[in-house]
1. Would a scan of segment 268-276 turn up a residue that is farther than 24 Å from LEU67 by Cα and touching a residue at least 60 places away in the same chain (Cβ under 8 Å)?
2. If you check ILE181 against the conditions, is it of a type outside the set (Asp, Glu), within 30 Å of ARG296 (Cα to Cα), in contact with a helix residue (DSSP H, G or I) (Cβ under 9 Å, 6 or more places away or on another chain) and modelled with pLDDT of 95 or more?
3. Considering only segment 64-79, I want to know if a residue exists there that is under 26 Å from PHE269 (Cβ atoms), open to solvent by less than 90 Å² (accessible area, probe 1.4 Å), modelled with pLDDT of 50 or more and acidic (Asp, Glu).
4. Would you check which residues across segment 277-317 are among the charged types (D, E, K, R) and open to solvent by 80 Å² or more (accessible area, probe 1.4 Å) and list them?
5. Being under 17 Å from VAL253 (Cβ atoms), modelled with pLDDT under 95 and in contact with a strand residue (DSSP E or B) (Cβ under 7 Å, 6 or more places away or on another chain) is the requirement here; does PRO150 meet it?
6. State whether one or more residues within segment 299-309 are among the β-branched types (Val, Ile, Thr) and in contact (Cβ under 8 Å) with a residue 24 or more places away in the chain.
7. Restricting the search to segment 162-179, which residues are over 21 Å from LEU213 (Cβ atoms) and open to solvent by less than 20 Å² (accessible area, probe 1.4 Å)?
8. Under 6 Å between Cβ atoms, at least 6 apart or on separate chains: pull out the pairs that start in segment 119-139 with a residue that is under 17 Å from THR336 (Cα atoms) and touching a residue at least 12 places away in the same chain (Cβ under 8 Å) and end on any residue that is open to solvent by 10 Å² or more (accessible area, probe 1.4 Å) and charged (D, E, K, R).
Amino acid sequence: CNPALPRFNRSKEPAMTSRRHLLLATAATALLPFAATTAHAQAWPQKPIKIIVTFAPGGSSDIVARLLQPGLAEKLGQPVIVENKPGAGSTIGANDVAKAPADGYTLLLSNTAPMSISPFMLDKSPYDPIKSFTHIAYIGSVPNVFVVHPSVPAKTMNELVAWIKAQTKPVNYGSGGVGSIGHIVGEMFKQQYGLNMEHVPYKGSTPMHNDLLGGTLQFAVDTLTQNVPFMKDGKLVGIAVTSRQRMALAPTVPTVIEAGFPKLVAENFLGISAPAGVPKDVVDKVHKALNEVVARPEIVKRLDDLGIASQKMTQAEFSDFVARQVTEWAPAVKATGARLN
């Protein structure tokens with residue numbers, strides 16, 4: 001028996017074992033990114049999801065967010081919380097979302113105001129409406145309406161212009177807030193037709209209606225949805241809608257095109273966005289869930305009742321849509337000279 005052989009085997013075997021362990025560890029490490037991605041795709045979401053609404057309760061964005069809330073919670077398997085963060089022309093809530101972790105747990109009920117209007121009313125926007133967000137899914141769009149208190153002797157846009165010009169003092173008009181689409185359309189109206197008007201901003205449609213219904217505010221440019229009940233009751237008079245076609249929700253109210261004011265066509269889009277960099281699997285899950293909820297017959301009917309025209313878009317199409325909105329609105333907003341203080 002050669003005494004050297006056992007010593008050789010004993011000395012080399014641990015070394016070979018160590019090499020095997022090293023190879024196995026290296027292989028396992030190489031698989032970690034794949035394993036993490038797979039685990040993430042399967043695991044999300046693991047906690048409640050928050051949707052930020054940039055206006056006060058009662059407005060169209062808030063109504064839609066709360067309408068979709070139960071269905072999204074059911075589809076995603078976690079509670080969905082709606083949180084209102086109005087202020088600064090809707091840039092406060094939008095900026096909070098833009099700066100949130102890109103994990104899909106903080107979403108934005110995006111619309112025209114924080115994406116296409118308010119950023120261009122600031123010397124320097126705290127976020128980029130395109131680069132700071134992942135625009136996930138389109139919900140629909142809703143026009144604004146010119147409404148007046150019944151005491152105002154105007155039933156058409158031309159009569160409204162004539163009445164405003166006949167006043168010795170500036171005529172106050174209201175909107176859902178500084179930077180809202182109603183604000184900018186009102187400023188466009190004022191500028192294009194040389195009208196003596198003063199904007200009175202409110203934190204949403206609900207507080208504005210208190211003054212409008214009471215007669216201390218003469219007229220408003222506001223989302224159609226919130227005004228139809230008052231128009232039907234005769235408490236407010238609808239002058240014109242800012243859509244290209246008449247709305248089934250208010251079939252007797254002409255469009256601004258019919259009224260001879262085509263430059264005032266404007267619709268407020270509604271969608272779901274998230275911080276830039278959200279993983280694709282999360283984006284796909286939210287997009288799929290939202291589209292399935294919006295397609296439910298009871299949701300379709302409710303959106304129709306609210307005057308919201310829904311349209312299916314892919315995630316890429318919605319991203320392109322937002323980019324076009326920004327391009328189209330930016331010069332119009334800047335031309336009004338309206339500013340966020």
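The values are calculated or read from the model by the stated rules, or taken from the named source; none is laboratory data. For clarity, every value in this text was computed on a predicted model and none was experimentally measured. Ideal geometry is used to build each Cβ from the backbone, glycine not excepted, and the neighbour counts take in all protein chains shown. Surface areas here come from the heavy atoms of the whole protein model, side chains and all, with no ligands, DNA or RNA. Shrake-Rupley method; radii C 1.70, N 1.55, O 1.52, S 1.80 Å.
1. There is at least one residue in segment 268-276 that is farther than 24 Å from LEU67 by Cα and touching a residue at least 60 places away in the same chain (Cβ under 8 Å).
2. No: the conditions fail for ILE181.
3. No, that holds for no residue.
4. Kept after step one, since they are among the charged types (D, E, K, R), are these residues of segment 277-317: 280-281, 284-285, 288, 292, 296, 298, 301-302, 304-305, 312, 317.
LYS280, LYS288, GLU298, LYS301, ARG302, ASP304, LYS312, GLU317 - these are the residues of segment 277-317 that are among the charged types (D, E, K, R) and open to solvent by 80 Å² or more (accessible area, probe 1.4 Å).
5. no
6. Yes; the residues of segment 299-309 include at least one that is among the β-branched types (Val, Ile, Thr) and in contact (Cβ under 8 Å) with a residue 24 or more places away in the chain.
7. Residue satisfying the conditions is GLY179 alone.
8. Matching pairs, first to second residue: PHE120/LYS334; MET121/ARG339.
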